[in-house]
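Note sheet for the following structure.
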Amino acid sequence: MKKKIIYATVAFTAATLALIFAGYAVAKTDDDIDPNVDNNLPFSPNAWRLVKHTFRINIPKNGKTISQLIIDVPSTVAVSNDIEVLDEEGQKINTNISVSGRQIIINFPKTVVYNSKLNVNLNKVKQPISGSASIYKFSVK
């Protein structure tokens, strides 16, 4: 009688394990649903990333010289003090840069002449992983 109980227990355990593992081996074949990723780690809605924003400023041929560039930063980003201004050959231009609140003021010790291009690199900009686009406002003096 003991042997029958042992064999019955082993058979029951084997059948249970076979049913459990068979559920893991079945592939999903429902083609009517949107593609998705299983077991992904969702980003926190407050997750941030560091990016670089680069802007090219074209000073027209018949334009005036500029001595100051003012950039209004949108509320959706946080800008660091790591800012560089380059000429069209990629050479760094000597500037005085100040960041106060949501405004970046770039003063040029030498006025920038007409018919030239400037690249303004805002390095280490903190921006949300998801959300709306960032719109900067520029003005010159």
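The values are calculated or read from the model by the stated rules, or taken from the named source; none is laboratory data. Everything numeric in this text was worked out from a predicted model, so none of it was measured. Quick reminder, even Gly has a Cβ in these numbers, built from the backbone with ideal geometry, and neighbours come from all protein chains shown.
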Notebook entry, point to check: How many residues are under 12 Å from L69 (Cα atoms) and surrounded by fewer than 15 Cβ atoms within 10 Å (Cβ to Cβ) if we restrict to the range 119-140?
Noted result: 3
Next item on the list: Evaluate the following for F108: is it surrounded by fewer than 13 Cβ atoms within 10 Å (Cβ to Cβ), in contact (Cβ under 8 Å) with a residue 12 or more places away in the chain and not polar (S, T, N, Q)?
Entry: no
Next item on the list: Quick one: Q91 ticks every box in (1) modelled with pLDDT under 90; (2) exposed (fewer than 10 other Cβ atoms within 10 Å of the Cβ); (3) not β-branched (V, I, T) except a single one, so which number is it?
Entry: (1)
Check: So V79 clears everything in (1) within 18 Å of the chain's Cα centre (by Cα); (2) surrounded by fewer than 15 Cβ atoms within 10 Å (Cβ to Cβ) except one condition, right? Which one?
Finding: (2)
Checklist line | Unique residue being outside any helix (DSSP H, G or I), at pLDDT 60 or above and small (G, A, S) when the list is S67, S44 | finding: S67
Margin query: Whether any residue in the range 99-111 is touching a strand residue (DSSP E or B) at 6+ places or on another chain (Cβ under 7 Å), over 20 Å from G131 (Cβ atoms), modelled with pLDDT under 80 and assigned to a strand (DSSP E or B) is what I want to check.
Written below: yes
